[in-house]
Every structure is written in C-alpha cells, then in structure tokens.
Amino acid sequence: MNIKASYHYQFEDHKKSILIFYFVLTCVYLLMLVSMSAVVYSTDNGVSTGSIGGMDISTLIYVFIAGLCAFRESFGMLLQNGISRKTLFAGRILTVLTIGLILPVLDRILIVVMRLLNQLSGTNIRFASLFEQVYSLKIIGMSQFSIIIYSYLLDLFLYISMMTLGYMITLIFYRLNNAGRIVVGAGVPITFFILLPTFDSMFMNGRISSSLLKCIDTSFGFSAQQPLNAMITSVCMFLVCSCLSWLLIRRANIKG
Amino acid sequence: MQINFNSDKTIFIQIAEGIEDAILSGAFSEESQIPSITEFSVTYKINPATALKGINILVDNDIVYKKRGLGMFVATGAKEKLKEKRKDQFYDSYIVGLLAEAKRLNLSEEDIKTMIERGYEQ
Amino acid sequence: MNCIEVKNITKNYGRTCALDNVSLCFEENKIYGLLGRNGAGKSTLLNVITNRIFADSGEVFVDGQPIEGNDAALGKLYLMSEKTNYPEKMKVKHAFSWSKNFYPGFDAAYAASLAEKFELDTNKMIKSLSTGYNSIFKLIIALSVNTPYVLLDEPVLGLDANHRELFYRILLEKYSEHPCTIIISTHLIEEVSGLIENVIIIKKSKIIKDESCEELLSQGYTVSGSASNVDTYISNQNVLGADTIGGLKSAYILGTRNTEIPEGIEISKLDLQKLFIKLTN
C-alpha cells in the first residue's frame, strides 16, 4: 500500500491554507488588541475590558470548511496517480489525525502569545479557549496545566469530528445525482428548521425540541459541565462519519 | 527510401527491399552499419516489430548481420548475392509487366526490340 | 503471463449499454490501437480498466492480480485521458514532481527534456494551458512514468500537426528503447495505422475485432476499376462496402484473393481506415 504518498499529498494540500488561516487569525487578533489599546489610552479612566472567548471556534469552523473542500481535487489527483480508494482513505484518516494533533497546539500558542501581549500593552482583553468559555465552572480550581491539557484534548476531538463531517457531507453530495442533491440540500434544512419546529409546536407541544436540546446538552456535557461528554461524542461522530465516508468513497466513480 | 502505406506491398517487405536497394546502389557499403530498428521506426512512423520483421528477412538471407551491442551491419558479399537474386527476378519483375502493357497498346515484338536498342544507344 | 486481462465486463449507464460482456487481453510490450466510433465505449473501457469507474459485472486483472483496491496492480497502469484530474491551480512542474512521488519509475529528467522539445512552460498553472498544451503535459507524464502499461485516450487531442509528428516520433523512440504495453484509443486511424501492432474495434459496446493488424488486413482486399467490371467481379464475393466516384468503383472484399485477376480491375490491399468505416457503419 502506498499510504505514504497518499498521506503526503493530502497533508500538503492543507498545509498552505493552514498557514494562511493562522496568519490571518493572528493579524485579526493583533488588530483587535491594537484598536483596544488605542481606546484604552485615549479614554481617561483607562480601564476597558473585553473578551474574546472560544478563540478556537474560528479554527473549528476552518477545519469544517477544510473538510468540505478536501475531497474533490484530491480524489481526482490520487486516482489519476494509481492510488486505490482504500489507500486514499487511509491517507485521509492519517491527515485528519495529524491536523487534529497539530492545530490545537497552534491554538494554545496563539492564546499564550495573545495573553502576553495583552499584559504588555496594558489592555484588559480576556483571551479564552473554547474549553474555558464553555466549561467555565469546571475550570474553577484547575491548574493552568490541566486547563491547557483539557483545552487541547477538547479541540483535538472536536476538530477531527468536524473535519470528517465536512468530508462526509461533500461525499454525500458527490455521490448523489442532481435530483438527490436538491432533495438533500433543500430538504434537510427545511425539515429541521421549518417542518420539525412547526410540527413540534402544533402537535407535540414543543416536546421534540426540548428533548433534542436535552440530547445535545447531555452529549456535550453543557449543564453538567463535563467536557468528557463532548470528547466522547466527538470521537463517536468522527468514527461514524469516517465509516460512512468509507462506504461512500469505495464505490465512487470519477465523473466527467 | 520511401514507405508507401497505400502500396500493395506490405511494409516490412518495403523496408527489406529499400535496404536492398541501398546496398545495391552503394549507399550502404559492405561491413558498414545500417540504421537501427529505432531509427527506421521513428523515421517512417512504423511499429518497431514491423521494422524488425523486414530486417530479419535480410538476416535470414545473409544480407545483413547483427553485431552484439553495436547494431546491424551489411554482410560481405551481400551486394553480389542481391545482384544474383535481382537477376533471377528480373524477368518476372519487369519483362512480364512490360509485355502485358505492350500487348494492351498493340505494340509488336519488333516495336519492343527497337525501343530496347534505342535505350542502349542513349 | 504478463497482461491486462479484461473478463466479461459489462457497464450500463441507465438504459444505455456502454460495454456488453467485453473480454480482452492486452499482452506485454505491444502497441494496441483501440478503435471505435464516438460513443462506442472506448473511454468507458479504459476507465474501467484503471478502476476510475466501476463495471456492473466482470473483472479486470493486471498480471494476474485483480485491480480492486490493489495499489500494486493499479501502480502498473497509467491512463492519460481527456479529463484533467490534476488540480487546476497546480503548476506543471509540480504535477511532474508529484508524479515522481506516486510513480517511483518516473523519469524527471526525461520529462523536463520533453517539455523543452514541446516548448511547454512548466511554470504555468494547468488551468492556463490551451487544449493542446493540456494534452501535451499529460502526454509527457504518460511517456515519463515508465509503467508496464500505458493507456492513452485520444492522446493528440488539440495538438497541431508538428506536435503530433513529434509525439509519434517520441513514442516510437521510447517504445523501441524501453518496450512496454501501449494502448492508444483514437479517431485518427490513418495516423496510427503504421504504429499499431494489434487492433481492437469496438462497435456499439461490443468487440467486433481483436487481432493483429496484419491478420486483420490480410483478411480481404480492395478491388478497383470501372463500375461495371468491378460489379461483375464482386457479384459472388463477400463485400463489405464500396465507394463510387463517377464510373469508377472501389469495392472492399473479405476473403482470399484469386490468383487470376480479370482484365480491367486492380487488386490492392485493404486500408485500415476504410475497413474500419465499413465495419462500423
């Protein structure tokens, strides 16, 4: 199996956009910092607070979109170069895992740097990771080190699940014919955002929505302030999306 | 040497005869190297297997031989051999056709002989 | 035996049958011509062989190994097709260097020399190449990749006459020095008739001819002359077809030649393109 070449190519594909993403992100945060400190120094009372919470949400969104875009070009390129779908997929999983392992490290570094600059510039912006933002009660009494570890792990599992989710969605649309795409593309949002709520309020007294919300709450451990729930849910999502992606890719034809 | 794809003669025969003509005319002298299969193939846009077939006919008739690692060479005595062969074929290759055409044009035996004499005078 | 074995491949697109129980064997170190009219099934066949699309039934083996999920088998094939599967923002030179990653036998120096011969600017992005140069860059990769089996689907699409000539020269040079199996699928029958050793003709999803060029063309002959003379001669022959211009007629006959040739007609060999047209009409 030529996994090395398959992995090498798919990872290289992401490298450039990852660098661009972090560059842009850093510039945005620096800009915020600079503009905030300008405000601070121009007002008399000199104290201004702001907070950028859940910094890793940007990375989460980026990773989802990267997953969405990853399939098409790499599929054509790898099949052109004699790579089987099996090896392609193996390389894909390795790429996702690598990105999942590396990106949270970059996020941690970014937060540390921002906090340092914050102190130096005298502004009072609070930079918080997703973990700190969502599980704010849990972090009470935790050591700095534990917080970093939890943040890292939460990010890791969330990223790999979102990336695979995006990949799977693209695959679904790729495998569907035109009619199917319309049905799914329009049908799914309409069902979830219009039909379900309407049906729910008219006939079910809002029971569906409340049980759905309760489900999400438990899966991610929001109320219970238990990040472990979110991690487990993410891993399950990663596994499910990966399996479905494999089933979809193994009989996918090159089109055109 | 030309290859005519539309000719009734198969291509490998044309290759063989083309080389024979070149040997007879002295263009390829004895013990000199003839172009490689690749060169024939590329120049005339034909499959190397076809070129090889043509050359093999000459090898079988001891007209050319292969020097390992170097290529194909014209054999000593090839020119004489070819002359003999062509002499034998002369009647069938030229005379039969000539007489058939003469018949079509109603030329007599005398007419032909006169023309041949004229040819030798020039 | 080393070969690509296609066994009972059937492929349907909805109600249209693209390949109907096709079985073939492509032996090593031969140049094959895959001929067929538009829509006959040539591209589908090549795509099935390289596992880009899946047949409805049947199997493909490369040197005895099934291709399904098999990198070793797939790595022995390279298909150059009309569709460009390379990312359009990729530069040609990067397409070359990636080829080396995937095909260890890829000769980068040779590819660079070919790019020079064709005057291809390897710094260009693939999307900015003209149709002709798009074919050229893919051709260069196909010629440099050194796999035992090279499949070319309409290789000279968009190439001007000079580049076509250059391509055939390079192809024959390479084939002569490093024999491999080359399968050329093309409409330009006259151009390739000298190059190819074996001919495969697909007509409406079925294989109607699969033999050596020599065998195929020796199966019949052309009869030309005045229409009346020709008609007399062909009255009891197996006639494939005929072309008439004014009072002159050429008829294409399957069968062995008679030693006795009547007055007023000429016998000559079959022409591959003419034979193809008559067989696939």
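The values are calculated or read from the model by the stated rules, or taken from the named source; none is laboratory data. Keep in mind it's a predicted model, so treat the numbers as computed, not measured. Because the Cβ atoms are built from the backbone with ideal geometry, glycine has one as well, and the counts that use them run over all protein chains shown.
The condition of being out of contact with any strand residue (DSSP E or B) (no Cβ under 6 Å at 6 or more places or on another chain), without any contact (Cβ under 8 Å) to a residue 40 or more places away in the chain, of a type outside the set (Phe, Trp, Tyr) and surrounded by 14 or more Cβ atoms within 10 Å (Cβ to Cβ) holds for B:Ala51.
When restricted to residues that are β-branched (Val, Ile, Thr) and either buried (at least 16 other Cβ atoms within 10 Å of the Cβ) or in a helix (DSSP H, G or I) (or both), region C:227-266 contains 6.
Counting only strands (runs of 3 or more DSSP E) that fall entirely inside region C:50-169 and contain at least 3 residues that are within 19 Å of the chain's Cα centre (by Cα) and away from chain A (no Cβ under 11 Å), the qualifying elements are C:149-153. If the condition is being in contact with a helix residue (DSSP H, G or I) (Cβ under 7 Å, 6 or more places away or on another chain) and surrounded by fewer than 20 Cβ atoms within 10 Å (Cβ to Cβ), then region B:38-48 contributes B:Thr38, B:Lys45. For region C:192-216, the set of residues classified as surrounded by 18 or more Cβ atoms within 10 Å (Cβ to Cβ), within 12 Å of chain B (Cβ to nearest Cβ) and not in a loop (DSSP other than H, G, I, E, B) consists of C:Val192, C:Asn198, C:Val199, C:Cys213, listed by residue number. Looking only at region C:252-281, residues that are at pLDDT 90 or above and over 17 Å from C:Cys213 (Cα atoms) come to 0 in all. Applying the selection to region C:81-95, what residues are surrounded by fewer than 21 Cβ atoms within 10 Å (Cβ to Cβ) and either of a type in the set (A, V, I, L, M, F, W, C) or in contact (Cβ under 8 Å) with a residue 60 or more places away in the chain (or both)? Within region C:81-95, C:Glu82, C:Met90 qualify.
For region B:69-79, state whether one or more residues are among the hydrophobic types (A, V, I, L, M, F, W, C), touching a Leu at 6+ places or on another chain (Cβ under 7 Å) and in a helix (DSSP H, G or I). Within region B:69-79, none of the residues are among the hydrophobic types (A, V, I, L, M, F, W, C), touching a Leu at 6+ places or on another chain (Cβ under 7 Å) and in a helix (DSSP H, G or I). With respect to C:Ile183, determine if the residue is touching a helix residue (DSSP H, G or I) at 6+ places or on another chain (Cβ under 9 Å), among the hydrophobic types (A, V, I, L, M, F, W, C) and assigned to a strand (DSSP E or B). For C:Ile183, the condition - touching a helix residue (DSSP H, G or I) at 6+ places or on another chain (Cβ under 9 Å), among the hydrophobic types (A, V, I, L, M, F, W, C) and assigned to a strand (DSSP E or B) - is met.
Mind listing whichever residues of region B:5-39 are under 14 Å from the mean Cα position of the chain (by Cα) and over 17 Å from B:Lys83 (Cα atoms)?
Residues satisfying the conditions are B:Lys9, B:Thr10, B:Ile11, B:Phe12, B:Ile13, B:Gln14, B:Ile15.
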